[in-house]
Amino acid sequence: SSDISISQTNITNGIKFTAPEGFVSYRWSVNSVNTGNEQEYILNTKDLISGNYEIFLIAKDEKNNYRSATIYVQVEN
């Protein structure tokens, strides 16, 4: 389930996730580990073991309102 939509683009050796504009902070996590704080996040899949990964984003606006999104990706190496 998600409040906001994340665009997902396959790139060399990974997947690029892009959050919507208009937020003042972003926090990405992969399997509950904080991994990034930019509007874009690149998951480097070539270094991962095969399996399912949970990509979770929390975005906060200037009024301190939070929106979140969860994406599941499957990696096969």
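The values are calculated or read from the model by the stated rules, or taken from the named source; none is laboratory data. Since the model is a prediction, treat every value here as computed from it, not as a measurement. Don't worry about glycine lacking a Cβ; one is built from the backbone with ideal geometry, like all the others, and counts go over all protein chains shown. The area values use the complete protein model at the heavy-atom level, side chains included, leaving out ligands, DNA and RNA. Shrake-Rupley method; radii C 1.70, N 1.55, O 1.52, S 1.80 Å.
Is there a residue being of a type outside the set (Asp, Glu), open to solvent by 70 Å² or more (accessible area, probe 1.4 Å), at negative phi and in contact with a Ser or Thr (Cβ under 6 Å, 6 or more places away or on another chain) anywhere in the stretch 67-77? The answer is yes, given that some residue of the stretch 67-77 is of a type outside the set (Asp, Glu), open to solvent by 70 Å² or more (accessible area, probe 1.4 Å), at negative phi and in contact with a Ser or Thr (Cβ under 6 Å, 6 or more places away or on another chain). If you go through the stretch 33-63 and keep only what is farther than 16 Å from PHE23 by Cβ and of a type in the set (Lys, Arg), you end up with just LYS46. Out of ILE58, ILE49, ILE6, ILE15, which single residue is open to solvent by 90 Å² or more (accessible area, probe 1.4 Å) and of a type in the set (A, V, I, L, M, F, W, C)? ILE49 is the lone residue from the list that is open to solvent by 90 Å² or more (accessible area, probe 1.4 Å) and of a type in the set (A, V, I, L, M, F, W, C).
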